[in-house]
1. Of everything in region 146-186 that's of a type in the set (Val, Ile, Thr), at pLDDT 95 or above and touching a helix residue (DSSP H, G or I) at 6+ places or on another chain (Cβ under 8 Å), which residue is surrounded by the most Cβ atoms within 10 Å (Cβ to Cβ)?
2. Could we say that residue 34 is touching a residue at least 12 places away in the same chain (Cβ under 8 Å) and open to solvent by 20 Å² or more (accessible area, probe 1.4 Å) here?
3. Tell me which residues, restricted to region 3-31, are open to solvent by 30 Å² or more (accessible area, probe 1.4 Å) and of a type outside the set (A, V, I, L, M).
4. Please specify each residue of region 11-28 satisfying the condition of being within 15 Å of residue 102 (Cβ to Cβ) and not small (Gly, Ala, Ser).
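The values are calculated or read from the model by the stated rules, or taken from the named source; none is laboratory data. Note that the structure is predicted; figures quoted are calculated from it, not measured. Cβ: placed from backbone, ideal geometry, glycine included. Neighbour counts: every protein chain shown. Ligands, DNA and RNA are stripped out before the accessible areas are found, and what is left, the full protein with its side chains, is counted by its heavy atoms. Shrake-Rupley method; radii C 1.70, N 1.55, O 1.52, S 1.80 Å.
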Amino acid sequence: MTRLLIVDDEALVRAGLKMILESADDLEVVAEADDGADAAAMVRRHRPDVVLMDIRMPRLDGLAATREVQALPDPPKVVVLTTFDLDDYVFRALQAGASGFLLKDTPPRELVQAVRVVAAGDAMLSPAVTKRLIGHFAADPRTDRQRTARERLTALTDREREVLAAVARGLSNADIGRELFMSEATVKAHVSRVLVKLDATNRVQVAILAHDAGLLDT
């Protein structure tokens, strides 16, 4: 059973999410919070596996709350909730350690599946969403970011760079294995090494780094 915490200042949104998520036999909403200021305490008390975190809240926004949650020992996965206006908060929440984001109007079946995927530690952003999200924020001048990102990628082997490029395209471990002719266990090992070498906490952070470096431009 995957344990969930919903953090959103709108009671109607929380109720709707809970109804959808608990329609699945393997998901359980163990707690709710109406502001990011309560998120870390609720995580310590209820030990959820996944936190669904709203971005804009009155006292403490989702960005600061994500940082607080990720600073806890053995933190849960955090998925930020947003409308599709792609404000800076979403991008910065991903950089702060969130495992991805979901739109508040995501169809119920896709919402349930996305939570299952992120709880399992796999990629949750579809290639189309990954490209649109990162492309939106890469539209600004990125000379310094690109130079820094390319320097960090020099620590990777050629094979690790191939795996990173596939992760940045939103592929799952199984898809990467099929594309690069590796077992899924080998892919997981490569992804783990990439995360360590790039000092990243999740796949979304390394995907952003790969885009900053222009790895997918070649």
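1. Ranking the qualifying residues of region 146-186, first place goes to 163.
2. Values: touching a residue at least 12 places away in the same chain (Cβ under 8 Å): yes; open to solvent by 20 Å² or more (accessible area, probe 1.4 Å): yes.
Considered against the rule, which asks whether it is touching a residue at least 12 places away in the same chain (Cβ under 8 Å) and open to solvent by 20 Å² or more (accessible area, probe 1.4 Å), residue 34 comes out as yes.
3. So in region 3-31, the residues open to solvent by 30 Å² or more (accessible area, probe 1.4 Å) come out as 3, 9-15, 18-20, 22-23, 25-26, 28, 30.
Within region 3-31, 3, 9, 10, 14, 18, 22, 23, 25, 26, 28 meet the criteria.
4. Of everything in region 11-28, those that are within 15 Å of residue 102 (Cβ to Cβ) and not small (Gly, Ala, Ser) turn out to be 13, 14, 17, 18, 20, 21, 27.
Per-residue answers, yes or no, for (1) among the β-branched types (Val, Ile, Thr); (2) touching a His at 6+ places or on another chain (Cβ under 7 Å); (3) not in a loop (DSSP other than H, G, I, E, B):
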site	(1), (2), (3)
170	no, no, no
177	no, no, yes
182	no, no, no
186	yes, no, yes
190	no, no, yes
199	no, no, no
205	no, no, yes
210	no, no, yes
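Here's the yes/no breakdown for (1) within 17 Å of the chain's Cα centre (by Cα); (2) under 21 Å from residue 120 (Cβ atoms):
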position: 26; (1), (2): no, yes
position: 34; (1), (2): no, no
position: 43; (1), (2): no, yes
position: 47; (1), (2): no, yes
position: 58; (1), (2): no, no
position: 71; (1), (2): yes, no
position: 94; (1), (2): yes, yes
position: 102; (1), (2): yes, yes
